[in-house]
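Enquirer: Got a structure for you, written out below as structure tokens; questions coming shortly.
Since every read-out is calculated from the coordinates, none of them should be taken as a lab result. Computed from a predicted model, the values in this text were never measured in an experiment. Using ideal geometry, Cβ is built from the backbone for each residue, glycine included, and neighbour counts are taken over all protein chains shown.
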Amino acid sequence: MNSDTRQDEAPDGGADGVYDTWSSRYGVDDPRASGYVSPFWFRQERRLILDLVGPRPGRVLDVACGFGLVTLPLAARAFEVFGVDYNALACRGAARNGLRAVRGNAFALPFPDDTFETITCIEFLQQCEREQVAALLGELARIAAPGGRLILVWRNHRAPLHRLALRISDALGRPRVPLNEHPFENVAAMAQRAGLGIEKAGAIFPPFRQLFEDRRGVAAGVLGTGFLVVLRKAGEIP
């Protein structure tokens, strides 16, 4: 969900209003309130993401956490899980779902340096302008613990299935969140400039829990509705 799409202001570009509408329709425990096309799609994407979190418990931060549905299962695995979102409704909904969430700006996160062993940022980059993505990655690098892992997922606007889904959504009159295109290569370059190394990357097709590491392959071109990258901060986790 939206976590402030401007670096120094609160305006949301229309995203928060859309999410508020969806949450009124579906409730805070339904992933469709966070923009997913179906609960099944969400569950498969979440399993793909959580499989990438290391087995050793630590502190986890979900940036632009929405209602907290992505990372909440980690609490059952003895992780300390926190969320941050600019949308006050999202923070209340996340708390209702059992996540410790605070309201905050993703471009000036209210946490000390070197705090979290794992950071997730799921389906938020497409709400950011290019310069905001660079600022966001700098903040994530700052608060990540040495050796910490960052997991980012965002949409591939060039994917045929993604374009089809948008057309269907428009035909049904479903409100749309403002979206920006961020090619994988651009995000990877900004991450490296922020001092983050790339550990794993590819295009994803959540229904099959599939990660296509060959992003230029035919399968990725047809089915890759989003991008996933696992980044690591230099150093070692104690």
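Enquirer: If I stretch the segment between Ala188 and Arg47 completely, what's the gain in nm (0.36 nm per residue apart, minus their alpha carbon distance), one decimal?
Expert: 48.5 nm
Enquirer: In nm, to one decimal, how far is the modelled label at Asp214 from the one at Leu172, with both set 7 Å along Cα→Cβ?
Expert: Calculated label separation equals 3.4 nm.
Enquirer: Another question about this same structure. Taking amide H positions as placed 1.01 Å from N in the peptide plane, with prolines and chain starts having none, which residues 5 or more places from Val81, or on another chain, fall under 5 Å of its amide H?
Expert: Placed amide hydrogens put Val60 under 5 Å from Val81.
Enquirer: Taking the chain as a Gaussian network, where each spring joins two C-alpha atoms under 10 Å apart, which residue of Glu80, Glu185, Glu117 fluctuates the most?
Expert: With Cα springs under 10 Å in the chain, the top fluctuation among Glu80, Glu185, Glu117 is at Glu185.
Enquirer: Between Val81, Val37, Val153, where does the largest GNM mean-square fluctuation fall for the chain, given springs only between Cα atoms within less than 10 Å?
Expert: Residue with maximal mean-square fluctuation among Val81, Val37, Val153: Val37.
Enquirer: Sorted by average packing, counted as other Cβ atoms within 10 angstrom per residue and highest first, what order do 121-127, 186-192, 44-50 take?
Expert: 121-127, 44-50, 186-192
Enquirer: Which whole-number percentage describes the relative contact order of the chain, with Cα contacts under 8 Å and a sequence gap of 6 or more?
Expert: Reported relative contact order: 20 percent.
Enquirer: Only Cα pairs under 8 Å and at least 6 apart count here; give the relative contact order of the range 31-138 as a rounded whole percent.
Expert: Normalised by residue count, the contact order of the range 31-138 is 25 percent.
Enquirer: Another question, if that's okay. I'm spelling it out carefully: the read-out is Rg and Dmax of the Cα atoms in Å, the candidates are (i) 16.4, 52; (ii) 17.1, 48; (iii) 20.0, 66, and one was derived from this structure. Which label?
Expert: Comparing each candidate, only (i) matches the computed number.
Enquirer: Same structure, new question: What are the ³J(HN,Hα) couplings of the range 87-92, residue after residue, when phi is run through the Karplus curve with 6.51, -1.76, 1.60 and θ = phi - 60°? Round to Hz, x for glycine and proline.
Expert: Couplings: 7, 5, 4, 4, 5, 5 Hz.
Enquirer: Could I ask something else about it? Let me check I've understood the local charge: for Arg100, count other residues with C-beta under 13 angstrom from its C-beta, Lys and Arg +1, Asp and Glu -1. What total comes out?
Expert: +1
Enquirer: Hey, another quick one. Counting only the backbone N, which residues of the range 99-122 are under 16 Å from the spot 7 Å out from the Cα of Arg142 toward its beta-carbon?
Expert: Only 104-116 pass the distance filter.
Enquirer: If you restrict to DSSP beta bridges whose two residues both lie in the chain, what percentage is antiparallel, to the nearest 5?
Expert: Counting only bridges with both partners in the chain, antiparallel ones make up about 50 percent.
Enquirer: Show me, for the range 110-117, the HN-Hα J-couplings you get by feeding each phi into the Karplus relation (A = 6.51, B = -1.76, C = 1.60, θ = phi - 60°), rounded to Hz, glycine and proline as x.
Expert: x, 9, x, 4, 6, 9, 10, 6
Enquirer: Using amide H atoms built 1.01 Å from N in the peptide plane, name the residues 5+ places from His182, or on other chains, whose amide H lies under 5 Å from its own.
Expert: Amide H to amide H, under 5 Å and 5 or more residues apart or across chains, His182 pairs with His157.
Enquirer: Which distance in Å, rounded to a whole number, links the C-alpha centroids of the range 181-211 and the range 12-53?
Expert: 20
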